Amino acid sequence: MLRWKRDGLAIRGSVLVVLMTVACLAAAGGEARLRVEANPTRPEIGFLSWDTEGGSRVETNLLRSGQATGLQVCQGGKWRAVAELPTTVERVLPETIRYRTSLGEQAALCWSLWTANDRLAMTFTFDGGPNERIDGLRLVVALDPGVTPTTVLPSDWGEDGRFRLPAIISAPDFGQMLLSEAEGREVTGRLEGSRQAKWVDLWIDLPLRSGGQSCTLRLEPYWLPAPRGLKDQDLWRQARRGWFGALQPSARWGEQDRPYSAPAGVLANNVISDPASCSLWFYADQALWTPQLTPEISVAALVQRSLDWWLDHRMRPTGEMVCYWDYGDFLDADAGVLIAAWDYVEATGDTGWLGRRIEQLEKTGEFLARRDVDGDGIVEAVQSGNANTLREPKRSCAWFDAVNCGHKDGYTNALIYRAWRCLAELERRLDRPEQRARYGNLADRLKGAYLKTLFNPATGWLAWWKSEDGQLHDYAAPTINGLAIEYGLVEPELGRAILDRLWAKMEQVGFQRFDLGIPMTLDPVRRSDYLQPGAIGVPQREDGTDTLGHYMNGGITAGHVLHFLAAHYVVGRPEKADELLRAMLKRQSEGKFQNGVRDASGQGIDWTDWNGNATGYEGYLADSYRFLQSVLLRQAEFRQRYYGPLGVN
């Protein structure tokens, strides 16, 4: 194939290629590469990619194959693709290609793409007399979420779902780029998608309506600075690009009047997947540590927008939060919102928002209190947790919705403990001593009952749940035990002993792939304790051995490894945790915790078996990237802030 190159501009066959290596900014400590391929005969971009760490991902297109990325113009109330209109092309080497498209006898649209040093600039000009007008002009970027779920973190989301520039364009495992208008003019956009058809469109509405107007968009690499006070800068360099992976504002997808849908700009599993209240605290915890991105862009604002959506649209009259779609009876749905509210207020000091929302937050806190049906301090789930009681279309009481956890559940009660502590701290900020004491006392009672309810003397660690029939369901679960140790529900001496026993158990069962993380359970989950009859990973043998490692039957998902890691740091055992963390960071740097949006059973590497084979369905799960918080929680100063409401150091 013919290849010609001069000063960073190349032509391959019939495609004009702009190749740019961006010089390192002093504060960044890295090199970025940006690649754009512009059509030499039509006003379209066929290839767009970047790698902010200077790697080879720039060779993979972020755009949908066969879908034009270009301009659309509205005249007389009708939208048309500019590529369908008469266009002349001028190549201004080495930096620029310029398209000039006729919009009538006296009007034309000019679109220039220009690269120099550390940026791509696109200038749009409407040539014509002052009486020449168009009804609208937009740039449509046709993104492929099957490659990676590219999304936007803008300066503002409107009530109508439109966002405002500047915005961070985040392509997980490729990096982040800052999109802005050169003169600071107001430019808005939309993020539209389809979960079923697996596409995402980024629309940028350009403020050109009459002759003589122009605007310029700039695209330049963005590197997230380390949180203030972080000592290990080497670990941060390994984590910084992946950090954004946990922050996936949704595109507007689905029928908005139905539960199976998402509005634009709510933190979700991925850009075309579900918002879930049981997961909201995952992202809010990540946002707590995220500095202001630019003077205009705040991740905390995304947390507030997401909280407002849940409180305004998905809270039932009882105070119960819907978890996702229209599923209720998830105890971590309520706990997740309370924890996320603490994260937001802790990050911003916004007591004005808190004052407006405190009654709703108390309402969901009281819903949880009423679920302590036997008065022992533990919050009981509606689900009994008894063998063979979880059948489709039902779900369990927790994020682990395919596992038959219920009644006195270790995972959700650990979160409720933190949630009540966080709510008590929020009450303190509003100087409400009676309410603060109320939620502090609820948390104290829960802590007093937790260990004696779930500790299994036969194994020396905590069981996952105690079912209504009095049975302990113990699967040697590192996440459940890690969470309880991390949050101080288990005292440090016992916590160290539990961690030692779990490491010994891993050696006994032969698990060695620490780059993947740690399995959810080290023993197989029995069929009678799994969602039946056809859930992902459901075993056919009662002992569960036939699907061990598949999905929630002992599979591995990276996000929940955070709690096992953090438990080590809390109890002063950092050595093994650091080895595990470094192995996972290496895998993350290779982009191996996701394989794009799949939404197909058994195809997603959001869950893997013990050999790294895909056993999930999302493909990309924002939760996976929260294990990166352990880069901070290794350090005492960060733990003191994070666990402040819990009194854990």
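A short reminder: the numbers here are calculations on the coordinates, not readings from a lab. All figures in this text were calculated on a predicted structure; none of them were measured in a lab. Cβ atoms come from the backbone with ideal geometry, glycine included; neighbour counts cover every protein chain shown.
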Starting at the first residue of segment 33-49, write each ³J(HN,Hα) from the Karplus equation 6.51 cos²θ - 1.76 cosθ + 1.60 with θ = phi - 60°, in whole Hz, x for Gly and Pro. 10, 10, 10, 10, 10, 10, 5, x, 10, 10, x, 8, 10, x, 8, 9, 7
In Å³ and rounded to a whole number, note down the convex hull volume per residue for the Cα atoms of segment 156-202. 87
Whole-Hz Karplus ³J(HN,Hα) for segment 194-210, in order, using 6.51 cos²θ - 1.76 cosθ + 1.60 and θ = phi - 60°, x for Gly and Pro? 9, 5, 5, 8, 6, 9, 9, 10, 9, 9, 10, 7, 8, x, 10, 10, 10
What angle do you read, to the nearest 10 degrees and between 0 and 90, between the alpha-carbon axis of helix 277-288 and the longest principal axis of the chain? 70
Charge-dipole axis of segment 380-447 as Lys and Arg at +1 and Asp and Glu at -1 on Cβ define it, positive-most pick from P393, N404, A437: A437
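Please compare each pair in K198/K363; K363/K408; K363/K394; K231/K452; K231/K592 to a cut-off of 30 Å on the Cα-Cα distance and tell me which ones are over it. Kindly include the intermediate steps, with their values, before the conclusion.
Details: K198/K363 37 Å; K363/K408 22 Å; K363/K394 25 Å; K231/K452 39 Å; K231/K592 27 Å.
Long pairs (Cα-Cα over 30 Å): K198/K363; K231/K452.
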Segment 70-84 scanned against label point 7 Å out from S194 along Cα→C-beta; backbone N under 17 Å for none
Quote the convex hull volume per residue of segment 451-583, based on C-alpha atoms, as a whole number of Å³. 107
Stokes-Einstein D (µm²/s) once Rh is taken as the Kirkwood radius of segment 563-643 over alpha-carbon pairs, at 10 °C in 1.306 mPa s: 116
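Based on the Kirkwood radius over alpha-carbon pairs, what value in µm²/s does the Stokes-Einstein equation return for the translational diffusion coefficient of segment 64-206 at 10 °C and 1.306 mPa s?
On the way: Rh = 16.6 Å.
Rounded to a whole number, D works out at 96 µm²/s.
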K586: which lysines have alpha carbons under 17 Å from its alpha carbon, excluding same-chain residues fewer than 8 sequence positions away? K576
Nearest 10, in degrees from 0 to 90: the angle of helix 233-243 to the longest Cα principal axis of the chain is 80
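Below 10 angstrom from the Cβ of A262, what's the summed charge of the other residues (Lys, Arg +1; Asp, Glu -1)? List each step's numbers first, then the result.
Details: positive: R195, R252; negative: D274.
Summing Lys and Arg as +1 and Asp and Glu as -1 gives +1.
Using the per-residue mean of other Cβ atoms lying within 10 Å as a proxy for protection, in what order, highest first, do the peptides 69-76, 625-632 fall?
Values: 69-76: 18.1, 625-632: 25.6.
Per-residue Cβ counts within 10 Å, averaged per peptide and sorted highest first, yield 625-632, 69-76.
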With no solvent and one point on each alpha carbon, what is the Debye value of log10 I(q)/I(0) for segment 39-111 at q = 0.13, 0.18, 0.20, 0.22 Å⁻¹? -0.50, -0.82, -0.93, -1.03
Apply the Debye scattering formula to segment 205-265, with a single equal point scatterer on each alpha-carbon and no solvent, then give log10 I(q)/I(0) at q = 0.13, 0.17, 0.21, 0.24 Å⁻¹. -0.73, -0.84, -0.90, -0.99
Computed curve, segment 131-235, Cα-only Debye sum without solvent term, log₁₀ I(q)/I(0) at 0.11, 0.17, 0.23, 0.24 Å⁻¹, is -0.44, -0.89, -1.28, -1.34
Residue by residue through segment 68-78, the couplings from Karplus 6.51 cos²θ - 1.76 cosθ + 1.60 with θ = phi - 60°, in Hz, x for Gly and Pro, are 5, 10, x, 9, 10, 10, 10, 10, x, x, 10
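What ranking do 310-321, 392-403 get when scored by the average of other Cβ atoms within 10 Å per residue, highest first? Display every interim value, and only then the final one.
On the way: 310-321: 16.2, 392-403: 21.7.
Descending packing order for the listed peptides: 392-403, 310-321.
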Give or take rounding to whole Å, what are the principal axis extents of the alpha carbon atoms in segment 352-477, in descending order? 46, 35, 24
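Where Rh denotes the Kirkwood radius from the mean inverse Cα pair distance, what is Rg over Rh for the chain? Each step should come with its number before you reach the end.
On the way: Rg = 26.0 Å, Rh = 25.9 Å.
Taking Rg over the Kirkwood Rh, I get 1.00.
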Quick one: angle between helix 433-454 and the longest Cα principal axis of the chain, in degrees between 0 and 90, rounded to 10, please. 70
If you build the Cα gyration tensor of segment 129-193 and take the root of 5 times each eigenvalue, what three semi-axes come out, in whole angstrom, biggest first? 25, 14, 12
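How big is the shadow of the Cα convex hull of segment 409-477, averaged over all directions, in nm²? Present the calculation step by step, with values, prior to reporting the outcome.
Values: hull surface 19.8 nm².
Seen from a random direction, the Cα hull of segment 409-477 projects 5.0 nm² on average.
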Size-normalised alpha-carbon gyration radius of segment 513-584, reference 2.2 N^0.38 Å: 1.29
Using every Cα-Cα pair within segment 250-298, state what percent have a distance larger than 14 Å. 57
Rh (Kirkwood; distinct C-alpha pairs) - segment 275-349, Å: 12.4
Both in Å, the radius of gyration and Dmax of the C-alpha trace of segment 282-425 are 15.8, 54
Cα-based shape type of segment 190-346, given that a ≥ b ≥ c are square roots of the gyration tensor eigenvalues and the cut on a/c is 1.5: oblate
Can you show me the helix-derived [θ] at 222 nm for the chain, built from DSSP H runs with n ≥ 4 at -39,500 (n - 2.57) apiece and divided by the number of residues, rounded to the nearest 500. -9000 deg cm²/dmol
